[in-house]
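Novice: One structure is given below, represented as structure tokens, and several questions about it will come after.
Here, each number is a calculation from the coordinates, and none is a lab measurement. Since we're looking at a predicted model, the values are computed, not measured. Quick reminder, even Gly has a Cβ in these numbers, built from the backbone with ideal geometry, and neighbours come from all protein chains shown.
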Amino acid sequence: MKEVKEKETIMLVWFSVSDIDMAVPISIVKEVVNFEKIYKVPKAPSFIEGIMNLRGDILPIVSTAKRLDLEARSKTDEGRIIVVQCDGQQVGFIADEIKGILRLSQDSVFPPDKFPQIKGEFLESIAKLSDNRLILILNMPRLLSLEEKEDLEKFVKGAEEKNE
């Protein structure tokens, strides 16, 4: 009797940005939080919304829409911040709405190279739901270059030093 292997599944946090369905692997998401006061940082790149105090820690906040060259929507009650671990640093990415947690079969996830017309270094893969909707699975750590991550670290350290 052959043992039937269960299809490998992946779990994703599903959200929308500028009316586009996106997701990230749940394994890199530390938490999802409500908007609190975001403090602007002078001379920050245009896609950095600022920093926020998250239970005593300073968290840099990235506009996911601006970073992906999309039109940023005005903040609504559904908007949330997805806190992600990016190469040892926590960063908050703005989502217009959290849609839920997806559990998908690996069979429904396709690598981006299957779609050569889509050029996106931030794209990890594309998922197809049973209702034929497509969801872009982002590679969040790639949304920030090494230099940008270092700049964010400087912003955070500078803000922490001013608070001491």
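Novice: Cα-Cα over 27 Å: which of LYS40/LYS128; LYS99/LYS154; LYS40/LYS66; LYS128/LYS149?
Specialist: LYS40/LYS128; LYS99/LYS154; LYS128/LYS149
Novice: Sticking with this structure for a sec: Would you mind working out the magnitude of the charge dipole of the chain relative to its Cα centre, with +1 at each Lys and Arg C-beta and -1 at each Asp and Glu C-beta, to the nearest 20 Debye?
Specialist: 180 debye
Novice: To test your reading of the geometry: what angle, between 0 and 90 degrees and rounded to tens, separates the Cα axis of helix 146-163 from the longest principal axis of the chain?
Specialist: Once rounded, one gets 40 degrees.
Novice: What's log10 of I(q)/I(0) for segment 9-163 at q = 0.15, 0.16 Å⁻¹, Debye sum over Cα points only, no solvent?
Specialist: Results for segment 9-163 at q = 0.15, 0.16 Å⁻¹ read -0.78, -0.88.
Novice: Continuing with this model, one more query. Need one number: nm distance between label points at LEU129 and ASP113, each 7 Å from Cα along Cα→Cβ, rounded to one decimal.
Specialist: Once both label points are built, they end up 2.9 nm from each other.
Novice: Moving to a separate point now. Express in nm, to one decimal, how much length is gained between SER145 and ILE28 on full extension, taking 0.36 nm for each residue of separation and deducting their alpha carbon distance. Walk me through the numbers on the way to the answer.
Specialist: On the way: separation 117, 0.36 × 117 = 42.12 nm, distance 1.71 nm.
Going from the current span to full extension adds 40.4 nm.
Novice: Using only alpha carbon pairs under 8 Å that are at least six residues apart, calculate the relative contact order of segment 9-163 and give it in whole percent.
Specialist: 26 percent
Novice: Which percentage, to the nearest 5, of the DSSP beta bridges contained in the chain is antiparallel?
Specialist: Among the beta bridges of the chain, antiparallel pairing accounts for roughly 90 percent.
Novice: With unit charges on the beta carbons (Lys and Arg positive, Asp and Glu negative) and the dipole taken about the Cα centre of the chain, which residue among THR64, ILE38, ILE20 sits farthest to the positive side?
Specialist: Result: ILE20.
Novice: How much mean residue ellipticity at 222 nm does the chain get from its helices, if each DSSP H run of length 4 or more adds -39500 (n - 2.57) and you divide by all residues, to the nearest 500 deg cm²/dmol?
Specialist: Working: 2 runs with 22 residues, N = 164.
That comes out to -4000 deg cm²/dmol.
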